[in-house]
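Since the structure comes first, as structure tokens, the remarks are kept for the end.
The values are calculated or read from the model by the stated rules, or taken from the named source; none is laboratory data. Computed from a prediction, not measured in an experiment: that's the story for all the values here. Here the Cβ positions follow ideal geometry from the backbone for every residue, glycine too, while neighbour counts run over all protein chains shown.
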Amino acid sequence: MNIHNSRMRAELPASQDTIVVFLIGMRVNRWWKIHKWLPAARAMPRMLKELRANPELGFLGAEEGFGRTTLMVQYWRSKDDLYRYARDRNSAHLPAWRDFNRKVGTNGDVGVWHESYEVQRSSIHSMYVNMPAFGLGGVTDLIDTKPHPLTEKPE
């Protein structure tokens, strides 16, 4: 992984005024019911493989963290792309969602959640120091910035 030893920021391509940040995850509420939560856990890798193989779907990339409640931050070109994928009968998502509802539904064994935010170019603030391309900076252009006027002296 290439570490950028400077202060960097993410910048959307000129052709893009917004980006969608999609947070998604699951929470295992009853660890002993592995037959309930394991299928939900196995569904996401299939979706990610499909999305990465088909860039025209609008998925730009993701970062993830694991624990009792998992968290994945996904970046999408547009909310229309995200919604179109979620509703596509031929995608890996819809069958997995139907399977979850049929086998788990609202019984409390495992929880799933998501939130999405459409972010305007003018509302984006990002900063990466001594980091590889990560998060928003991993799916957009990384721009080297000048030293921060309040905290750093120019060389």
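A few comments on the model shown:
- Test: residue in segment 111-124 that is in contact with a helix residue (DSSP H, G or I) (Cβ under 9 Å, 6 or more places away or on another chain), of a type in the set (A, V, I, L, M, F, W, C), closer than 14 Å to Ile24 by Cα and at pLDDT 90 or above: yes
- Being aromatic (Phe, Trp, Tyr), part of a helix (DSSP H, G or I) and out of contact with any Cys (no Cβ under 9 Å at 6 or more places or on another chain) holds for only one residue in Trp37, Trp31, and it is Trp37.
- Scope segment 43-58; condition loosely packed, with under 12 Cβ neighbours inside 10 Å and either small (Gly, Ala, Ser) or within 16 Å of Asn101 (Cβ to Cβ) (or both); matching residues: Ala53
- Some residue of segment 134-148 being of a type in the set (Val, Ile, Thr), closer than 28 Å to Gln16 by Cβ, part of a helix (DSSP H, G or I) and in contact with a strand residue (DSSP E or B) (Cβ under 9 Å, 6 or more places away or on another chain): yes
- Checking each residue of segment 66-73 against the condition of being part of a strand (DSSP E or B), modelled with pLDDT under 95 and not aliphatic (A, V, I, L, M) gives at least one match.
- Selection status of Gly111, in a loop (DSSP other than H, G, I, E, B) and closer than 30 Å to Lys33 by Cα: no
- Once segment 64-84 is narrowed to residues that are under 17 Å from Thr18 (Cβ atoms) and of a type in the set (Phe, Trp, Tyr), the residue that is surrounded by the most Cβ atoms within 10 Å (Cβ to Cβ) is Trp76.
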